[in-house]
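Accompanying notes for the structure given below.
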Amino acid sequence: MNAESPRLFCFGLGYSATHLARRLLAQGWSVAGTCQGEEKRRDLAALGIEAHLFDRERPLVAAASALAGATHLLSSVPPDGAGDPVLDALGPVLAGAGWRWTGYLSTTGVYGDTGGAVVDEKALLAPTSERARRRAAAEAVWLALHRDRGVPVHVFRLAGIYGPGRSALDRIREGAAQRVIKPGHAFGRIHVDDIATVLMASMAKPDPGAIYNLCDDEPAAPAEVIAFACRLLGVAPPPPVAFDEAAKTMSPMALSFWRDNRRVDNGRIKRDLGVGLAYPSYREGLAAILAAEGV
């Protein structure tokens, strides 16, 4: 591999991975990866990203040539009921490659419900939803690639992701925001730009087998975030709604996010990677999104 030509291959060029790709492209990296639709592939090509169509029904054709030259690998593809689509399709290829760094994006949901208690990366996993159980299982398989085959795997457990085009500001503008009240319940968040910063810091300082929590410094009640976003926009907040009432119209997916109440320790990214969060709370993050819009 050419040390002067870093190249990232990303399975699943979604919101977070594409944000990272933009940052790396600006630093002279080349980026390739996968997506699921032809329109998305064209959009990525316009950014300078070589994209290939991939999912469980469409395994990556000519995997060796697509991955050729990659120095770093990231997977953000979620597991499904059958397992991890990336590992199932390409496990032997991935195990035999000489990556400098491999990252897997997981979720803090693997910790389950702690009743509001703080958890760090050493905590036992106790996922309460099927989605989180699948993530925990996928994590184990990725980490086994490091343990058994020497692949330099790093696991990143992400809290609720927000950023431009995907925040409380957008939900308010769309008329979809609710100010749900559930006393004592808080959620963790992480701005998409801070996700990219942590991933890049890890790439610069690999520690194979490491697990990192990615969340900001201040877990907060969703109603508090909505109220602050309304103040930024200069609009009246929606009326408060008790959780028990709001739950009657929530989708199973939405309800699953309210099942767990935990606070996640993010100290490791600061101690081990030297990361200083640009957005230590939702307040800085939402204000920056609005400022970037020129509003």
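The values are calculated or read from the model by the stated rules, or taken from the named source; none is laboratory data. Being a predicted model, the structure only gives us computed values, none of them experimental. Note that each Cβ is placed from the backbone with ideal geometry, even for glycine, and that neighbours are counted across all protein chains shown. For accessibility, only protein heavy atoms count, side chains too; no ligands or nucleic acids. Shrake-Rupley method; radii C 1.70, N 1.55, O 1.52, S 1.80 Å.
Summary table
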| item | result |
| --- | --- |
| Whole-percent carbon and sulfur share, accessible surface of the chain, 1.4 Å | 54 percent |
| Of 24, 73, 105, the one that fluctuates the most in a GNM where the chain has Cα springs shorter than 10 Å | 24 |
| Region 157-220: radius of gyration and largest Cα-Cα distance (Dmax), Å | 14.8, 44 |
| Lysines whose Cα lies under 23 Å from that of residue 122, excluding same-chain neighbours fewer than 8 positions away | 205, 270 |
| Rg and Dmax of region 201-289, Cα atoms only, in Å | 17.0, 48 |
| Range of Cα positions in region 181-252 per principal axis (Å), largest first | 47, 30, 21 |
| Of all DSSP beta bridges in the chain, antiparallel share, percent nearest 5 | 10 percent |
| Among 234, 163, 276, residue whose mean-square fluctuation peaks in a GNM of the chain (springs only between Cα atoms under 10 Å) | 234 |
| Largest-first principal axis extents of the Cα set of the chain (Å) | 56, 43, 40 |
| Positive-end residue of 240, 266, 225, charge dipole of region 192-295 with Cβ unit charges | 266 |
| 1.4 Å probe accessible area per residue over region 143-282, in Å² | 45 Å² |
| Highest-first arrangement of 249-260, 148-159, where packing means the average Cβ count within 10 Å | 148-159, 249-260 |
| Candidate lysines for bridging to residue 182, where Cα separation is under 26 Å - those fewer than 8 sequence places away on the same chain excluded | 248 |
| Gain upon complete extension [residue 147, residue 291; 0.36 nm per residue less C-alpha separation] | 47.3 nm |
| Cα-centre dipole for region 35-112 with unit charges at Cβ (Lys and Arg positive, Asp and Glu negative), debye to 20 | 220 debye |
| Value of Rg/Rh across region 119-263 [Cα atoms, Kirkwood radius] | 1.02 |
| Options 180, 290, 279, ranked by Cα towards positive dipole end of the chain, top entry (Cβ charges) | 279 |
| Net charge dipole size for the chain [Lys, Arg +1 and Asp, Glu -1 on Cβ; Debye, nearest 20] | 120 debye |
